[in-house]
Every structure is written in C-alpha cells, then in structure tokens.
Amino acid sequence: MSRFGGGRLRRTWNSLRRRSHDDPDITSDGDTAAAGGDDNDERLRVICNPEDCKVDIIAVHGLGKSFGDWTTQTKDGAPGGLWLETLLPKSAAGARIMTYCYNAEALSPQVLVRKILYSLALDLVHRVKQRREGEPAKSRRPVIFVAHSLGGLVVQRALVIASESSDVSLQDVELSTAGLLFFGTPSTSLSADGLADAIIKIARFSTSKRRRLHASEEGAIREDAAWFLSEMEAFKPIESRIETESFIEAVKTTFRTNSSRSSLIVGATTAAFPGTNSYRLQARHTSLVKFDGPDDPGYQRFVDALSAMIKAAQTRVAEKWLVHDNAERLLSGGHRAYMESGFGIESWVPDGVPLMGSRQHIAHGLEQTVDECSRKGDLTIVIAHGDKGAGKTTVARHYALNVLERIRSGRSERDFVFWINAESRDTVVASFLELARRIEDYYWTQLEDSKAGLDLDRPKDRAQLCEDLGFPAVEKMLAVTDAKDLDSIEVKSAVKAVKNWLLRKGNRWLLVYDNVTGAFDLMEFLPLHTHGHTIIIPADKDRCPWGRVEYKIQGMSEKEALTELVPPEEQLKSMPWKVCNEIRELALSIVSRIDYHSSQQISLIAAHLRSNPTVAHYRQYLEALNKDLRYTMRWSAFTQSQQALVKQILSVVSLLSPSDMIPREVFSVIPDVYRHNSKPVDRLRLDSESISTALAILVDEKVVMTPAKKDDAAAMEKTEPPAAYYYLLPKPGGSWVPSSDLWATKDEEEEAQRMTCRSLVSAVKRHQKTLSNGGVVQDNLIETQAFSRLLLPHARKCSAFIAVIEKQYHHNNHAETTGDDDDGDWQVLGDLCRAHGDSESAIHWFKLALSITAGSSGCPRHLRPEERTRVSLDLAAVYLERKDTSACRSVLSDMRIAGVVRAHFDLDFRFRLLGAAERVVEGRIDLAQGEFAALVEKSEKENSTQREERSSRDREGQANTNRTILAVHKLAASLKAGGKLEEARAYYRRAFQGYRFALGQYHPVTLDVGEEYADLLHLQGSFPAAEEIVTECIRAKEAMLGREHISTITSIAKRATLLDLQSRFDEADEGYAVALVGMTHCLGRTHALTVATLENKALSYRMRARQYEKAKKERALDEAVTLYGEVIRRKKEGGFETRDIRSSVDRLSDMTQKEAYLRNKLP
C-alpha cells in the first residue's frame, strides 16, 4: 500500500465501483456476489438457455472492450453481432451459454495482479455457484469455460478457489468443469518475468489509449507476478483433470505510439499450457475472438475443439465426481459398524525350527516381560536382543505360536498375531501389503456371511471395501516381484491405512518385527497404542532405538546343549544303564568340540543324533569331528552319471554357509550351470530324475537333511525328496566336505566357487520366471522375498569369491569362458542382499556387476546401458542408506557424465530423486531445493507428454502423476526445512491438492499432508487458516476412525495449540482435556507426545498470565507451575534425556523467580 499514495488508492477503488449496464463493477477483496440465481444477474448473464441443456458454456472476456471484440463481421467489414448469441447456439446445440462481464477499462495495473484477478475470480465462482444452486437436479451439469486474454487467469484462479473450499456447492464449480478454451491467455507455467511481460503488454494494448505504463505500474506487476505464480501452483493438479485447448495469435500487434514497433502479445511460448493442443489463428491478440462467420477457419477450429469437449464432458465430470462422492461416502459413514464387528483376521507366524525343551524358560521369560509391560498401562514395545545364533527368532516364534494357540482356543485377549520381516524397508512393505490383503479378505468374508443383517450402506464390492479401509489395489501391488517397482504414494497409502486399522478402538494384536536393521526408520511402520503388543528382534541392538523395554536372550549354555544332544528321558529309560552313560559321555565330548552357544546348530545336530540314538552313531559323529571328516560316501551306491552329479552337488553345497537352509532350486540348476564346462560331465545324462535320485541318496546318507516336522523337534528323519529346502549339518570351521575329497587342484576349487555363484544367480532367475509364468500371482512379492531370504546367507558367503570371479574376467585366456546367459548378472545377488538389509554384500555384488561389464576384452555378457544405469542407481541408493554421501555422490557424478539417464524418464526421476535425497542427508538443504525443483519441472514435462499420448486413467499415466505429486511434496518439505516458508507454502498447497485428487479428499495420507500444510501456516503465523485445515481433518478422522483414535486425538491437540495462539482459551482447554485423556489411554502417561501436550498446556497458562490481571493472573500462574511440576515428574518417570528435563526445570524456575509470591509453591 505504501507503494502508491492513499489518494491514488482511493481513486483506484472508486473507479472500480463505477457501474454501467454493460460493464458492472467488480467486488472488493473478500466480498461475494449478491444472491443472484435469477436471470437478472447483470454480471453473469444467460444469453441462451434451451430446455434440455446438457452443458454450461461460460465466456469470460479479458481487458479492453468487454465483449465488444467477440463479434462477427459482415461482408463489407462492418461489425456484426455477438457470435456467442448468433453462431454458438447452433454450433453447440443443447448448451446453456452465459457471459461473465466486468468493467475491464477501469482496472488499475498497480492492483491488477494481486487484488483484481483474485476479486474477479472470487466473484465469478460465487455467481456460478448461485446460478447452479437453484437447479439441484442439474447441479452436476458439465461446465466449459471460454476465456480471452487475462480472463483465462481469472478462470484458473476461480477454479483454485472452488477446489480449496469446504463448501460443496463451491467445489461443484471445479468438479463440474470439463474443459477450458483459452484465446491468448498467458500460461501459468511461465517464469515470473515471462508472465509479467505478458501482463504488461496486455494491460497496455487492451486499453483504449494504449499508453505506456508508468514505471511504478510495471514494477507493481513484476513484483506481484512471482506471488501470483506461487498462488497458482495449486492450479497444476486441477489442470491435469481438465481438458484444455489454446488459441494463439499469429499476427503481431503494433504500438500506437510508434508504428514501426510491433510484437506478439501472447505468443506460442507464452501461451504454452503443458499437455495441451495449441492452434495459431491469423489474428492479432485483441481480434482472436473476432470471426468472419460460421465458415471462418478459426471459428471452425474452435467449434471442433468445443464439440470434442462436450462429447467427453459427461464422462470426465462423472469421474471427478466419483472420487468426491467416494470421499463424502467415507465421511458420512466411514466409521462403519462392520469394521467394529471384530478384528480376528487370519494370523501368520512363519515355519521354523521348534524351540528346544531346555529353552522353554527363555520364552516364558519373554512372555512375563510383555505381560508386565502391558499391566503398567504404557506402550508394550519389547526389544528381544541377544548374540548372533542365540535363537532370538526361535524364542519369539515360540511365544507367538503360544499366543496364537490361546487365540484359537478363546483363552487370549489378543485378536491376531502377525509376523513382519523387517530386515529392510522392502520386506516390511511386503509384510504390510500381505497384512492389508488379510484384512480385506477378513471383512469381505464377514460381509458375505452376514448380508441380511448389514446396513444398506455396506460396500457393494471389494473395490469399495478397499476405499472404506483406505487401501490401494493391494492385489496388484503384491503381484510384482521387486518392491522397487511399487508406486511410492500407493505404498505410503497402504502403510498408513494398515496402521490406522491397527489403531482402531478395541483392536488387540501382537506384532513381531524380526531381524530389524538400522537401514531404515522403523517408526514409519510402528503402530503405537497401549492395546497392542510389539516385539522387536534387532539384528544389532545398538542400531535399534525404538523399544521401551529390553529382554536379553542368552546363548545356549553347555548344560542346555548337553540336554538336547542326549535322547529324551523316556527313550533313555528303555536303554541299558551302561549304554545311557556312554551316550551321555559321547554327547559331552561332542559339546566340547562344537559352538554350543548357537541354538540353531545344536538343534540340527540333536535332530541328526536323535534320529539314530545308538552308541555307534554318536561315536561315528565324534570321530568325524576329530578327523575333520564328516562322512565316507558309499560311491558304490551311485551310477557313474550320478557320481559326477553328486560331486557337483557337493562342490556347490560345500561352499555354502553351514547350518543354513538351501532351496532345492539351487540343486536343480547345477546341471545347467555345469553343462558349459569342458569337463567330462558334459557327456553325462543329467536330468531331473537323476537329480532326485542323487539327492535321495544324500538324504539317506545324512549329508543333507530335510526340515524337521513342526510337531517334533527331534524328528529330523529321512524323508523323500524333493522338499522345499535342505539343511546342511553344521561343523566347526572350514567346509563340511573336505576340499581334498573334491578338488584335485586350485583351479578346480576356483571353478567350483564360480559355479556356486552362478548357481545362486540361476536359482533366483528361475524362481522369478516360474512365478511370472504360473506362480500364485497375488503372492509374487511375498514368495520372491521368502525364497531370497533362504538364499541370503549363501549370497553373503559367495561374496568372498568375488576376487575369483574378477580374476576370471581379467585373465588373458578370458575369451574361453563359459558364455552362460547368467554369467554377468551379478546384480541379481546385489538386489537379493539389498532387499534383506545386507548393504555391505549388496555393494560388493553391484560393484562387481559394473566392473566386469565396463568393457574388458572377453566379457561374456555386457549390461546394456539401461541395465547398467539401473545397477548404478541401486548402488547409489545403498550408499545413501548407509549415509555414505561421498560414495553416493561419486556414483551419481559418473552417471551424470555418462548421460544415459536423460533418455529414460523413470531412470532420470530416480537419479534426480537420489541426488536431492543425498543433499538432504548431507544437510545442504539449499542444494536439495534446486534438485527437487528440477525434479518437479522434469516430471511436469513428462506428465504433459503422457496426457497427450494416453488416457488419464491409464495406470502408467497415473504413476507419473503420483511421481509429480511426490516430487512437489519433497520440494515443499525441503523449502520448509530451509526456512523458505513462503515458497514452501505454494508447493504444500499444490501437494495437498494433488493428494486430494489422486487418493481422495479424506484419505489418511491426504489428511497428513493437509496437517503438514497447517503446520507451515502455523509457523507463518496464519493461525486461523491453519485451524480451518486442522478442524476439517478432525471432522474427517472422527467420521472415519472415531473420536478415540490416536490420529484424531493428535489433531485435536494441534487444534488446541492453534486456539491458544488466538487467545481462545476456553476452547483450547476443552481440546487439551480431550487430547490428554485420549493420549494417556492410547500411548500412556509418560509417552513423549502425551508429555509434550501437557507441556503445551502449561505454556498456555503461562501465556494467559501475561494477559490476565491480578487474581486471575495468579490462578493462571499457579496452574502453570502445577502443570510444569507434573511435566518434570513424567519426564523423569519416562526416562527422558537430561537436557529435556533440564529445559522444563529452567522454565519452572524462571516463572517462580519472576513471581516471588509463588516461590513457596514449588512442587
């Protein structure tokens, strides 16, 4: 306002208030149009209104002569009538045609961008709303806007206002808009300078005098253009849902003051709306909407585009309203009775080696720890840790199975038990998707079994059930074989929805997170509620900060090991006393020779020995240990062909990790891998029958073993192969089959090592191919991860052979190597290791894949540039997970130099996203902002291209839209972190809009982003705006999740803080009371969120004391001191860090020092 004098401002607004019949005034900022659903509305006039109208066409003029330019010309060149009245009703039969008029001549350039465009847009949207409100039966009639010049900006701003409104009748304007036809409208995708230049030209040429603008006027436009563009970020998600066509000038306009100068006011680049078609018309800017008649080529192009929009309008609008209606249906009945009918979904606990009898007390101790934690009323999160091989997973599995047994017999208050493989983010995501599928199956079965007794608002199909639950297409997501192929927003949606379901009132679960690593933030996947029990089994306790109670699982003692190796007491009673003593002595000798702390090894040895509990068997095993031999193979039992095959099998399994399971696919691919060798084995007949026979004999000889039966820990008896996997018997140190028995030379040993690695690669690829060709589609991701989990120890062991593999490729005689198709696909093992949290091994395999395909002379199989880029991105991602930013940056720099990523959008998106994430981890937020901005620009361009090439409903097109939303969201977050709040606000608005359109207005993820936006407004001091968003989120959460859901309670606490900041203390007190009761119930009295809310309340009373007087002030200070005392007590009780406690103590001391009369009231 200080930019121009008060007198000028008054004159400007007085000019805006002048009225005329043709050019009514515009409303001031914040005003709404008068009630005007009647036909006498001078601003929004109906010029054609057929009885059976099917679409509304609304024309909005630009600056200048109002609709004076929207005319036809007679043959002698004289102006004819308004073609909206004379031509358009015939060309668009069945359309109601309206015009929106305003005083375009009296608009001051100084307030044009910031004030007038908004005021016009606000007035337009309210008048359209009121016009359509009187016709409820036809309120969803499609709308097509036709706009000239800056009128197009008015329309775009109006659609943003409509979409962000909580008034459904205002939302109708945006939801019902099917098309936009712009004549010479500058694009909001321009730079701030580009938009300012266009507006300055329009403002100059559109006035009757065509005068040069004053420097102050141009300065105001340039200053406001950047602000306007930031406001219009919210239009970009809207634009993607509306068909848009542009008509641009091909004839330059001449300055009246200097006829030698001419220019295009809005040229092709200025009017380039992303993803739209543009048509050049042989006309100047002001004459774009002037036609010679119905045969004018420009008019014909306009009619063709309009007809196409009208034809698709009903479908397009119906799709937009469907998303809205589904959201409103959730809001009106999302907290459905059938969701409260129970939570007894199908439990899942994986198979494994049963817990040995001597270890039962360990599982009992875990159960006591969980129960004791639960009785205190705090969060029950138990960290079950111990040394490697101590049997942490086995103990937790035993406890989970006991709980499951009690659930099935009705003796437990738990509803279900679910096991989550948590070695990496990918495996946790897969587990959550499987949990989502079981939740969906449970409710659908419940609904099918009780149709007669259900309310009428029950979901009509599984798709609607998923919408009720907030789930994406879970079946399709599980159908992939690699978690990297999942859409990030769909993953976020599924995880959030599952957590919300777990946190529903009355849902009592036991979740076990197994093999947790520090490679990702587990908090994203932890549901926090006192009614649930969580057990976390960390791979490394020091990297697992999420637990509240610890329970250490000790390794097996010598006494426990001896108990397991000796046959059961019932069996010993049937043996002679002397035999029993001798077996005990032999067992003690065996224990002294092995690592008895590993319960897994002890269980396998015990199963082997108990399968034949004789003195001879025990003595034979002990002799094998003493001689460093395991078995003497009865080669006479094999044919010549089988002998060679068994030797191959033993060559491979001897190099794999002892005491681990080996999937049988590894054995089945051995002949294929070895067939390329130049050894005599090439001439042998190696088929599936001979493999089965060879494995059967190895099982007979107890060289390899099938899994134990679930119901008998000692029943590792001979079974007929094939089985899903085989066990190798453990042995201290070295390979369990002596190398001297297998390899005559060092070269043979190295060849066996290479063949072993190739066997693993082949096994993984064959398994994936089997799933894609005939596996269970819905379990592809789960099955792939389960299989690769079995191979993980072997991939780790084989990483020790990388030097041997590299030696082969760089040897002088390299050209004579195998040429196997799997030779060179070492990234397969890298993917396997990374998927299960072993980043160190993953790095080794990825680097091997890149190094041997870098162009060495005899490389058997070069990675294509695209494949090589994918491997490089995977390697950079692993480095980033390990917080090794320098190594990540080095890999990305090499890729940037190579330049391969630019031709592939998916790869380029990952490349840029990794680059931005690396900057964030490094703490260089300013550089991250540039990376994210470039990412947004790139994804916008690709999104525009895809909109031109395919339907918006296409899954690939939606995936790219989701990527754009994700990039915008990350850019907003980085701007916020960097303190650039105003810029962040624009992108948060856009991200909020994008999530609303992609997932639904009331989807949990949308609400979360909305609250992030509210937090930003809070930081900016826009407390009423922030409160409005949070209040809307509370309304949605109460309807869908219930008032007692922790997500709802957290939002209520946020709103209480915002009310405090507006000095609405009574309302704030109500919010704090509800929040504290709910948080204490859900999280416990000492949880950080509960204590933080209590401290906010204490701060509130301290702030009130500054505003109150005398007695009221004293009461407020007294309450603040009491609350701070309680905060300090809870922080001490909850084990908060010393600095947190100290900060509260300092605040309390500060208060009491300032108020001497309260010194004696210290708690």
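Odds and ends about this structure:
- Rough spin-label spacing in nm, given labels placed 7 Å along Cα→Cβ, for E1070 and A192: 4.3 nm
- Under-5 Å amide H pairs with T71, H placed in peptide plane, nonlocal only: W83, F291
- Pairs beyond 26 Å (Cα-Cα), from K476/K496; K496/K1131; K129/K236; K505/K970; K252/K938; K376/K1113: K496/K1131; K505/K970; K252/K938; K376/K1113
- Rounded to the nearest 0.05, the FRET efficiency derived from the C-beta distance between K941 and E340 at R0 = 60 Å is 0.80.
- Solvent-accessible area, 1.4 Å probe, carbon plus sulfur percent, for the stretch 80-191: 51 percent
- Cut-off 19 Å (backbone N to label point 7 Å along Cα→Cβ of A250), residues of the stretch 293-313: 293-306
- Calculated log₁₀ intensity ratio I(q)/I(0) where the Debye formula runs over C-alpha points of the stretch 1028-1161, q = 0.10, 0.18, 0.19, 0.20 Å⁻¹: -0.35, -1.00, -1.08, -1.15
- Overall dimensions of the stretch 434-526, expressed as equivalent-ellipsoid semi-axes from the Cα gyration tensor (√(5λ), whole Å, largest first), are 27, 17, 11.
- Net length available on complete extension from E1137 to W227 is 323.2 nm, with 0.36 nm assigned per residue and the Cα-Cα distance removed.
- Computed over the alpha-carbon pairs of the stretch 115-182, the distance histogram in 5 Å steps reads 4, 19, 30, 26, 15, 5, 1, 0 percent, short to long.
- For the pair D1146 and Q1107, a Förster radius of 25 Å applied to the C-beta separation gives a FRET efficiency near 0.65, rounded to the nearest 0.05.
- Phi angles across the stretch 931-938 convert, under the Karplus curve 6.51 cos²θ - 1.76 cosθ + 1.60 with θ = phi - 60°, into 3J(HN,Hα) values of 5, 5, 4, 5, 5, 4, 4, 5 Hz, Gly and Pro given as x.
- Sorting 430-440, 359-369 by their mean Cβ neighbour count within 10 Å, with the most densely packed peptide first, gives 430-440, 359-369.
- Cα→Cβ-extended label distance, 7 Å offset, between A803 and L981, nm: 5.8 nm
- The packing ranking of peptides 532-539, 406-413, 291-298, highest mean first, is 532-539, 291-298, 406-413, where packing means the average number of other beta carbon atoms within 10 angstrom of each residue.
- Chain lengthening between D387 and E1114 when straightened (0.36 nm per residue, less Cα-Cα): 256.0 nm
- Shown is the FRET efficiency for D595 and Q571, computed with R0 = 25 Å from the Cβ-Cβ distance and rounded to the nearest 0.05: 0.45.
- Cα-Cα over 22 Å, subset of K115/K976; K492/K552; K54/K90: K115/K976; K492/K552
- A simple spin-label model places pseudo-atoms 7 Å from Cα toward Cβ; at A473 and V168 they are separated by 2.9 nm.
The values are calculated or read from the model by the stated rules, or taken from the named source; none is laboratory data. Please read all numbers here as calculations on a predicted model, not as lab measurements. Ideal geometry is used to build each Cβ from the backbone, glycine not excepted, and the neighbour counts take in all protein chains shown. We work out accessible area using only protein heavy atoms, side chains counted, and drop any ligands, DNA or RNA first. Shrake-Rupley method; radii C 1.70, N 1.55, O 1.52, S 1.80 Å.
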